1. Does the stretch 86-99 contain any residue that is closer than 27 Å to T187 by Cα, touching an Asp or Glu at 6+ places or on another chain (Cβ under 7 Å) and in contact (Cβ under 8 Å) with a residue 12 or more places away in the chain?
2. Taking the stretch 254-269, which residues are surrounded by fewer than 21 Cβ atoms within 10 Å (Cβ to Cβ) and either among the acidic types (D, E) or in contact (Cβ under 8 Å) with a residue 60 or more places away in the chain (or both)?
3. Taking E88 as meeting all but one of (1) under 15 Å from the mean Cα position of the chain (by Cα); (2) more than 24 Å from I222 (Cβ to Cβ), write down the number of the exception.
4. If the requirement is being closer than 24 Å to L152 by Cα and surrounded by 16 or more Cβ atoms within 10 Å (Cβ to Cβ), which of these qualifies: L288, L204?
5. Does C158 satisfy being farther than 30 Å from P248 by Cβ and touching a helix residue (DSSP H, G or I) at 6+ places or on another chain (Cβ under 7 Å)?
6. Could you give me the residue pairs with C-beta distances under 8 Å whose first residue belongs to the stretch 26-50 and is of a type in the set (D, E, K, R), whose second residue is part of a helix (DSSP H, G or I) wherever it lies, and which are 6+ apart or on separate chains?
7. Restricting to the stretch 295-318, name every residue that is of a type in the set (A, V, I, L, M, F, W, C), surrounded by fewer than 21 Cβ atoms within 10 Å (Cβ to Cβ) and within 26 Å of P362 (Cβ to Cβ).
8. Can you name the residue in the stretch 5-15 that is buried (at least 21 other Cβ atoms within 10 Å of the Cβ) and under 14 Å from R80 (Cα atoms) and, of all such residues, is nearest to the chain's Cα centre (by Cα)?
Amino acid sequence: MMTSKERVLKTIARLEPDKVPIDLGGPFSGIVEVEAYGGAYKRLAKHLRINVPEPLLNPAFKYVLNLDEKLLQRLHVDCRYIYAGGPEPKFISNDIFSDEWGIGYKSVGLYNEPRINPLKMAKRAEDVEKYPWPNPQDPIYVQGKEDEAKKLWNTTDCAVVGCGGYAGYLFGLYAMLRGYTQWLLDTKVNVDFYMALSDKIFELEVAILDQFLSATGDYLDIFAIADDFGTQTGPVMSMDDFRRFCKPYLANFIREVKKRTKAKIFLHSCGSVIRFIDDFVDMGVDVLNPIQPLAYGMDPQTLKTKFGNKLCFHGGIDVQNLLPFEKPERVKDSVRRTLSILSKGGGYILGTSHVIGPEVPPENIVAMFDVGEEFGRYSQGSGIAL
């Protein structure tokens, strides 16, 4: 038997481990806790008869930061996460709060969504410099993180995943500062402003990254970044625009990560991103998440055939229809099928195609992880999971 760390790293190298590694956590394949809708995390813990401490949530997106170790072990999870810190949110009113970037979030249905885009009305490059940016040297981003990372490294045999918060969310941050539509419009009608704002975001995020990886980089196996370039049916922009306006920044950011740590690069990008994958590989991405199987062109067989020799896939278990609405036996059948395709020859980490929402029954969560543990073992040299 391999350790969890060995299993994950061998899989990322697209070699066969002893079994398919399993992941649960973070803003990409973790669990969202929404008390008004029953609290998926607490319901799961109750179903498993595990007492867990009160969940700590990411303020904006409500995913659980302190997943309980007993629960993670019960679900056979091979990764553990460490997150950059950040200032406490400031409440503008009873239902709107802002983060250190001035982005205002409002509770809308299940989640918080950005409703105040503080640079929406900016017009010129000078407006970028006048904006009251957060201090990227603020020690709050790394307070206690070196000890936390060292403890994970020394006391578990799991792969340690670092999440830098906004440090690694370049165009998501741009879109929240300007508004999503305005982000795309700027590439067409205000290119000088687009470059000025993108340069500033890059500068600040690299400064935060430098702090975070100076503290944790020696203890990380994976560093996670995120930007969403896909919709359900295709790219959010043309490939020419992506290569002009986004790829250079992402490639440079990944280079900055690799200067500071030996960790593998994990990229989260929702939706149909099949047209971007060669570019992601060219930028230095090692692991692609979340593999939404219902998005155009993202079915497991297509991805494995075209790109299975280029990077590792992470996710792939549908949270749009399968996990919320099907019965446990149907979940097991689907997970088996995904494993039989994506795990051939290595290069697949089992996880969900996005965070697990409050509508997902705990029975389905357990069914997914248990069949991953039972089915995802390799026969020696066969290239297939049993």
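The values are calculated or read from the model by the stated rules, or taken from the named source; none is laboratory data. From a predicted model like this one, the values you see are computed outputs, not experimental measurements. Note that each Cβ is placed from the backbone with ideal geometry, even for glycine, and that neighbours are counted across all protein chains shown.
1. Here is the first cut: in the stretch 86-99, the residues closer than 27 Å to T187 by Cα are 98-99.
Now restrict to residues that are touching an Asp or Glu at 6+ places or on another chain (Cβ under 7 Å): none.
The answer is no, given that none of the residues of the stretch 86-99 is closer than 27 Å to T187 by Cα, touching an Asp or Glu at 6+ places or on another chain (Cβ under 7 Å) and in contact (Cβ under 8 Å) with a residue 12 or more places away in the chain.
2. Within the stretch 254-269, just E256 meets the criteria.
3. (1)
4. Working: L204 fails: closer than 24 Å to L152 by Cα.
L288 is the lone residue from the list that is closer than 24 Å to L152 by Cα and surrounded by 16 or more Cβ atoms within 10 Å (Cβ to Cβ).
5. On the way: farther than 30 Å from P248 by Cβ: yes; touching a helix residue (DSSP H, G or I) at 6+ places or on another chain (Cβ under 7 Å): yes.
Yes.
6. Sorted first by the residue in the stretch 26-50, then by its partner, the pairs are E33/A40; E33/Y41; E33/K42; R43/P362; K46/P362.
7. Result: no residue meets the conditions.
8. Narrowing the stretch 5-15 to residues buried (at least 21 other Cβ atoms within 10 Å of the Cβ): 7-8, 11-12.
Add one more test, that the residue is under 14 Å from R80 (Cα atoms), and what stays is 7-8.
Working: R7: 20, V8: 16 Å.
Checked the stretch 5-15; the qualifying residue nearest to the chain's Cα centre (by Cα) is V8.
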